[in-house]
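Bear in mind these aren't lab numbers, they're just calculated from the coordinates by the rules spelled out. All values reported here derive from a predicted model rather than from experimental measurement. Counting neighbours? That spans all protein chains shown, and the Cβs are built from the backbone with ideal geometry, glycine included.
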Amino acid sequence: MKKPEQTAPSTLLTVSDLQRTLDLLLAMPAPPSVMIWGPPGVGKSSAVQALAERHGIGLVDLRLGQLAPTDLRGLPVPDHEARSATWYPPAFLPRTGRGILFLDELNLAPPVMQGIAQQLVLDRRVGDYVVPDGWVVWAAGNRKEDRAAVYEMPAPVANRFVHFEVAAAIDSFRAWAADRGFNELLLAFLLFRPELLHKPDAQAPAWPSPRSWDMADRLLAAGIPVAAAVGQAAAGEFAAFRKLCERLPDVDAVLDGKGGSIAFPQEASHRYATIMALAMRPRDARTMRAAARWVGANAGAEWCRLFALTAWDRARRNGTVGVVADAFVKEEKLRPYLNAHAA
């Protein structure tokens, strides 16, 4: 019988916090083994993948719940002369270089697989396979409150990890989504309704999470209803939000430098949509300066902050940080965010 997983004894982080922490750990001479806890879809696996890409190192992502013991331990090959057997490890395990051996969904794996994983974590070997010196063994799993069909993690294994718990946070997601070039209206909706960023529903196959909103963004670009990714309830709210935003200020006129007579909207949903459009649409230095000038002249401090942070995250993706810095330095309300970024 499956035992409920213990509550994770961990440090609570956003995905952005986790990425910064993993960067620091990876820079250590001998990085410790890491266990990342969190609900499904919050971004645990993608944080590790992004880390490997940033550092240009290898990543072997093993979903232990989908493997059989021989898939990881390898196959015994008899040596008839020595009257013994040698284990031939699977080809997907790393042999050279530097990277992360990532045991994803660790506590979804049955005890026999966790026993093999224990050898990798404790002894850095399984059968005749030895983890290369340049590789770290990290893992991720769900908590008992996530209603996942998890097994209890053996205490000797748990004690060999440092533990971090990841929570969905809208500001962290906003930074990631802006960097990815997310649909501006979809991102504005989530800023308007942050409680829908992660809202599990045990009764429905599709429900809102950072992972499913990422899928929804791709569905939206393809003209496919987002309900298939985030469920009917969240999709219905997004449709109503889009309807509300049909009467937005003329963003193109603002970007063209003709926004002098255009007022900042009063409706909160319109404000989010307007700020996201102005932060993510500028194509060059001229349109970014026009957007910054209009926001600085018309929006309050909280909206200036949202505009500034989103514009920075978007600029990092596009390689236009210098353009944004030049626009901000001319606007008193936006200059503090230039200084914070430079620091």
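Please report the antiparallel percentage of the DSSP beta bridges confined to the chain, to the nearest 5. Before the final figure, lay out the partial values.
On the way: 7 of 29 bridges.
The answer is about 25 percent antiparallel.
For R143, R317, which order do you get if you count the other beta carbons within 10 Å of each Cβ and list the fewest first?
Values: R143 19, R317 12.
Ranking R143, R317 by Cβ neighbours within 10 Å, fewest first, gives R317, R143.
Within the listed set A311, A47, A301, the Gaussian network model of the chain (springs between alpha-carbon atoms below 10 Å) gives the highest mean-square fluctuation for A301. For region 217-343, just say rounded, prolate or oblate: build the C-alpha gyration tensor, square-root its eigenvalues into a ≥ b ≥ c, call rounded for a/c under 1.5, and beyond that prolate if a/b exceeds b/c, oblate if not. Note, shape of region 217-343 comes out prolate. Placing unit charges on the Cβ atoms of the charged side chains and taking the dipole of region 191-343 about its Cα centre, the candidate lying farthest along the positive direction among S261, T320, A279 is T320. Peptides 270-277, 76-83, 188-195 ranked from most to least packed by the mean count of surrounding Cβ atoms within 10 Å: 270-277, 188-195, 76-83. DSSP assigns beta bridges within region 11-166; of those with both partners inside it, close to 25 percent run antiparallel. Over all orientations, region 183-246 has a Cα convex hull whose mean projected area works out to 3.9 square nanometres. Normalised by residue count, region 11-166 yields a Cα convex hull volume of 115 Å³ per residue.
Most exposed first by the Cβ proxy, i.e. fewest other Cβ within 10 Å, how do Y151, Y88 rank?
Working: Y151 20, Y88 14.
Least to most surrounded, the residues fall as Y88, Y151.
Distance from the Cα centre of region 241-284 to that of region 56-86, in angstrom? Measuring centre to centre over Cα atoms gives 57 Å.
Summary of packing: across the peptides 283-289, 136-142, the per-residue average of other C-beta atoms within 10 Å ranks them, highest first, as 136-142, 283-289.
Would you mind ranking K330, K44, K199 by Cβ crowding within 10 Å, fewest neighbours first?
On the way: K330 13, K44 26, K199 16.
Taking fewest neighbouring Cβ atoms as first place, the list is K330, K199, K44.
Farthest toward the positive end of the dipole of region 66-192, out of Q66, L120, L101, is the Cα of L120, where the dipole comes from beta carbon charges about the Cα centre.
Checking the table K144/K199; K44/K333; K199/K333; K44/K243 against a 25 Å threshold on Cα-Cα, which pairs fail? The partial results should precede the final answer.
Numbers: K144/K199 16 Å; K44/K333 35 Å; K199/K333 35 Å; K44/K243 34 Å.
Pairs exceeding 25 Å: K44/K333; K199/K333; K44/K243.
How big is Rg to Rh over region 220-268, alpha-carbon atoms, Rh as the Kirkwood inverse-mean-distance radius? Numbers along the way, then the final one.
On the way: Rg = 14.9 Å, Rh = 13.1 Å.
Value, to two decimals: 1.14.
To the nearest 20 debye, what is the magnitude of the charge dipole of region 99-247 about its Cα centre, counting +1 on the Cβ of each Lys and Arg and -1 on the Cβ of each Asp and Glu? Working shown, then result.
Values: 15 positive and 18 negative charges, 62 e Å.
The dipole of region 99-247 has a size of about 300 debye.
Other residues with beta-carbon under 13 Å from the beta-carbon of P208 carry, at +1 per Lys or Arg and -1 per Asp or Glu, a net charge of -2.
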